[in-house]
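Worksheet for the structure shown next.
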Amino acid sequence: MKAIVDGQKCTVCGVCSDACPMGAIALRENQVEISDDCSLCGICVDTCEFGALSLPEVGHGPSEDLGSYRGVWVYAEWREGKVHGVSHELLSAGRILADKRGVELGAVLLGSGLDDQMAGELISYGAEVVYVVDAPELAHFTDERYSKCIVELVNRKRPEIVLAGATSMGRSFIPRVAAGLKTGLTADCTELDIGDEGHLLQTRPAFGGNIMATIICPNRRPQMATVRPKVMKPVRMDGRQGRIERVELPSRCFEARVEVLEVIAEQDQTAKLTEADVIVSGGRGLRSAENFHLIEELAGLMNGAVGASRGAVEEGWMAPSHQVGQTGRTVAPTLYVAVGISGAVQHLVGMQGSQVIVAVNKDASAPIFDVATYGVVADLFEFLPEFVKRIKRER
Amino acid sequence: MHIVVCIKQVPDTKNVRIDPDTHTLVRQGVESIINPFDMFAVEGALKIKDLNGARVTVMTMGPPQAAEALRETLGLGADDAVLLSDRAFAGSDTWATSTTLSAAIRKMGDVDLILCGKQAVDGDTAQVGPEMAALLDVPYATFVKKIDIEEPGFLKVLRQTDEGSELWKLQLPALLTVIKELGEPRVPSLRHKMRAKKAEIAVWGNAELGLDPNSTGLCGSFTQVVRVFSPQRRTNRIQLEGSIENQAEQLFQYLKKARVPGL
Ligand SMILES: Cc1cc2nc3c(=O)[nH]c(=O)nc-3n(C[C@H](O)[C@H](O)[C@H](O)COP(=O)(O)OP(=O)(O)OC[C@H]3O[C@@H](n4cnc5c(N)ncnc54)[C@H](O)[C@@H]3O)c2cc1C
Ligand SMILES: Nc1ncnc2c1ncn2[C@@H]1O[C@H](COP(=O)(O)O)[C@@H](O)[C@H]1O
């Protein structure tokens, strides 16, 4: 199967051919030709202003009564008795979705020895009901047990939407939940909304952040998505009411062929990066490992963390745990300062959600300036010392 | 021990960029590469083969030219290659991909360990591995950076999490998704390259897998892309001009106004 061209409407303008990420559209004398490389991604359909392209009609139609699924759920992640920030963010986002659908917002809490305090916290961020599964087997996270528990809960309560953070935990076990429920899953969303037909519109970056795609799951329930930390805004409202339901699950939910032997916490830069309010990152423009003291000094002045581009990591100037970007960390601090970083798309996807972005680069045409709030075209070795001096003058 | 490594051919995103005028992807001169994470998986499998002895099969689902990717890994020392290729597989989302890949694993029958990359850099979903594990009902661990085989029938792995690392013990057969720390891919050897050139690559279509056509490709996908657009770029950027002192002063004032901590 491949995309379909309507020869009557096609003007052979070539826009689709340039847009096709698979390089599957060739221009012939008076028509475009689609090769077997077509992956049916549909990008061409959207770029054609003449409406000449379409995808073949498919789909198996709703498998059952979708209307019997009601409610929005958030998987509530926690560490050492504290709810993970992304769960606050998701509850606030889920609150908006639940209100648009006119349904209840629920949170799911799995663990061992859970007190009501965490559940109460989930309520203050918008949950109307918190389902708690408390069992000794859930003390340590394992994909098998955690996914079996959620699958069982969903089968019992039938929510229409299930959201989780795109953390290492969420990205690890939520796909198994989706497969267990035989439903679609959209990874790493940055935007969620309800469409006119009531479907969950899930928007995420693709092709290394070069394009954004909105995805739906029209024929299966629940609709599932993992969402990037730090993109939704958490809203706390004290004094909210909600109920806490402790649920007993059958023993098969706790069986696993995996044993957690050891958990090694690393209080390293990695964790600091994702939680930092300010990040100062350096790239290949720094020219040496020693010069990173400029970055460290500036970060220190603003209580910030130190990040790096892959360029700097590849040079061996910074440890991989500092890398921001597609193959590093996704961060969204209040302030992100990119110094001597060109702004390759793989770097941009990891930081463009930051509130304020400052770019320091001597090349005025560097793509990092495309995402910058404040652009400083300057030699970093002149600018950084001057800026540090200016900050210090105030103290 | 029979290890299957799942690899995917992806556009080399290093060279992908957006045309500033049309806001579309420019793909000219963009080559296909093996998903970098999958190369770490290949390396992981070959290390086990070196140390403990194993048969390594590489498998990919993709268009006919994906055979090149398989040949490349044969050149590194993989033993067999299987290409899953059929028009019926086109347009697969992660569910349909996992369904097809796991059908092929079932057909092979004797698989002890499946290795996948952490994620494919074109789609970035990181879903195919865990979904396959669910469909095959085997235990799995994600983001693995070290694999140890001590006891027969079991595997010890060190996995990277947001908070640190975890040591897990898994019962075989199992599936792992791996990250860079597992090891950079080796260089191809002449001997393997010679063999790779002549090697026969098995091609399985749906005739071989026998899946319900409604469960593969676009038809078998639960998710649908409804809109594609360029990410919004900031248009209201403020360019700071003047002398270095002037630039520093301006930036300081702006950040102070934005209530940046410490200023
Ligand atoms: C699959 C894949 C995944 C990737 N993942 C990531 C990722 O996660 N994170 C990431 O960052 N990259 C990633 N990359 C790499 C990315 O494509 C770029 O190669 C990398 O980000 C470049 O790093 P850089 O900006 O530091 O170096 P360069 O591109 O070399 O840029 C250096 C910049 O410094 C400026 N400069 C030099 N000297 C000075 C000076 N004295 N004063 C001011 N400015 C100066 C230059 O003008 C230039 O713009 C990935 C690539 C691939 C293929
Ligand atoms: N078409 C495919 N053929 C073989 N393996 C694949 C394919 N798609 C994904 N994979 C495997 O699944 C991993 C995760 O891919 P993804 O879920 O697309 O991010 C990849 O690193 C591969 O190991």
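The values are calculated or read from the model by the stated rules, or taken from the named source; none is laboratory data. In this text the structure is predicted, and so the values were computed from the model without any measurement. Every residue, glycine among them, receives a Cβ derived from its backbone with ideal geometry; neighbour counts consider all protein chains shown.
Summary of computed values
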{"quantity": "Some residue of the stretch B:123-142 being touching a Cys at 6+ places or on another chain (Cβ under 6 Å) and either within 10 Å of ligand 2 (Cβ to nearest atom) or over 26 Å from B:K49 (Cα atoms) (or both)", "calculated": "yes"}
{"quantity": "Those residues of the stretch B:158-180 which are free of Cβ contacts under 8 Å to residues at least 60 places away in the same chain and within 16 Å of ligand 2 (Cβ to nearest atom), in sequence order", "calculated": "B:R159, B:Q160"}
{"quantity": "Wholly enclosed strands (runs of 3 or more DSSP E) of the stretch A:329-393 bearing at least 3 residues buried (at least 24 other Cβ atoms within 10 Å of the Cβ) and either within 11 Å of another protein chain (Cβ to nearest Cβ) or not aliphatic (A, V, I, L, M) (or both)", "calculated": "A:335-339, A:356-361"}
{"quantity": "Residue satisfying all of: in the stretch A:276-325; out of contact with any Lys or Arg (no Cβ under 9 Å at 6 or more places or on another chain), acidic (D, E) and more than 18 Å from A:G353 (Cβ to Cβ); farthest from the other protein chains (Cβ to nearest Cβ) among these", "calculated": "A:E290"}
{"quantity": "The one condition in (1) modelled with pLDDT of 90 or more; (2) over 21 Å from the mean Cα position of the chain (by Cα) that B:W204 fails to fulfil", "calculated": "(2)"}
{"quantity": "Check on A:V86, buried (at least 17 other Cβ atoms within 10 Å of the Cβ), in a loop (DSSP other than H, G, I, E, B) and in the same structural domain as A:E121 (by TED's automatic domain parsing)", "calculated": "no"}
{"quantity": "Failed item, numbered, when A:T11 is tested on (1) more than 29 Å from the chain's Cα centre (by Cα); (2) outside any loop (DSSP other than H, G, I, E, B); (3) among the hydroxyl-bearing types (S, T, Y)", "calculated": "(2)"}
{"quantity": "Considering residues of the stretch B:95-125 that are at the interface with chain A (Cβ under 10 Å from one of its Cβ atoms) and free of Cβ contacts under 8 Å to residues at least 60 places away in the same chain only, the residue surrounded by the most Cβ atoms within 10 Å (Cβ to Cβ)", "calculated": "B:S98"}
{"quantity": "Hits in the stretch A:123-147 - residues which are in contact (Cβ under 8 Å) with a residue 60 or more places away in the chain, away from chain B (no Cβ under 14 Å) and part of a helix (DSSP H, G or I)", "calculated": "A:I123, A:S124, A:E137, A:L138"}
{"quantity": "Candidates B:V82, B:V138, B:V128, filtered to the one that is closer than 26 Å to B:P11 by Cβ, at the interface with another protein chain (Cβ under 10 Å from one of its Cβ atoms), more than 16 Å from ligand 1 (Cβ to nearest atom) and not aromatic (F, W, Y)", "calculated": "B:V128"}
{"quantity": "Any chance A:P205 is closer than 22 Å to A:R329 by Cα, out of contact with any Ser or Thr (no Cβ under 6 Å at 6 or more places or on another chain) and either modelled with pLDDT under 95 or outside any strand (DSSP E or B) (or both)", "calculated": "yes"}
{"quantity": "The one condition in (1) more than 14 Å from chain B (Cβ to nearest Cβ); (2) over 30 Å from B:S215 (Cβ atoms) that A:V108 fails to fulfil", "calculated": "(2)"}
{"quantity": "Looking only at the stretch A:208-239, and only at residues there that are of a type in the set (A, V, I, L, M, F, W, C) and part of a loop (DSSP other than H, G, I, E, B), the one that is nearest to A:E121 (Cα to Cα)", "calculated": "A:M237"}
{"quantity": "The stretch B:170-186: number of residues that are surrounded by 20 or more Cβ atoms within 10 Å (Cβ to Cβ) and either facing chain A (nearest Cβ under 7 Å) or of a type in the set (S, T, Y) (or both)", "calculated": "2"}
{"quantity": "Residue that is surrounded by the most Cβ atoms within 10 Å (Cβ to Cβ), among those in the stretch B:194-218 that are free of Cβ contacts under 8 Å to residues at least 12 places away in the same chain and within 25 Å of B:Q127 (Cα to Cα)", "calculated": "B:N214"}
{"quantity": "Strands (runs of 3 or more DSSP E) wholly inside the stretch B:37-134 containing at least 1 residues that are within 15 Å of the chain's Cα centre (by Cα)", "calculated": "B:55-61, B:113-117"}
{"quantity": "Subset tally (residues that are assigned to a loop (DSSP other than H, G, I, E, B) and over 14 Å from A:R70 (Cα atoms)) for the stretch A:152-173", "calculated": "2"}
{"quantity": "Residue count, the stretch A:331-359 (criterion: within 12 Å of ligand 1 (Cβ to nearest atom) and in contact with a strand residue (DSSP E or B) (Cβ under 8 Å, 6 or more places away or on another chain))", "calculated": "13"}
{"quantity": "Residues satisfying the stated conditions in the stretch A:174-202, i.e. in a strand (DSSP E or B) and among the hydrophobic types (A, V, I, L, M, F, W, C)", "calculated": "A:L185, A:A187, A:C189, A:L192, A:I194, A:L200, A:L201"}
{"quantity": "Filtered residue count, the stretch B:220-263, keeping only those that are buried (at least 20 other Cβ atoms within 10 Å of the Cβ) and either within 30 Å of B:M59 (Cβ to Cβ) or more than 9 Å from chain A (Cβ to nearest Cβ) (or both)", "calculated": "7"}
{"quantity": "Every residue from the stretch B:43-75 that is in contact with a helix residue (DSSP H, G or I) (Cβ under 6 Å, 6 or more places away or on another chain), in contact (Cβ under 8 Å) with a residue 60 or more places away in the chain, over 21 Å from B:T125 (Cβ atoms) and not β-branched (V, I, T)", "calculated": "B:R71, B:L74, B:G75"}
{"quantity": "Elements of type strands (runs of 3 or more DSSP E) in the stretch B:176-258, at least 1 residues being of a type in the set (G, A, S)", "calculated": "B:202-204"}
{"quantity": "Which listed residue, of A:V177, A:V108, A:V162, A:V132, is surrounded by fewer than 24 Cβ atoms within 10 Å (Cβ to Cβ) and either of a type in the set (K, R) or at pLDDT 95 or above (or both)", "calculated": "A:V132"}
{"quantity": "Flag for B:K146 being more than 16 Å from ligand 1 (Cβ to nearest atom) and of a type in the set (D, E, K, R)", "calculated": "yes"}
{"quantity": "The stretch B:199-217, residues that are at the interface with another protein chain (Cβ under 7 Å from one of its Cβ atoms) and out of contact with any Phe, Trp or Tyr (no Cβ under 9 Å at 6 or more places or on another chain)", "calculated": "B:N214"}
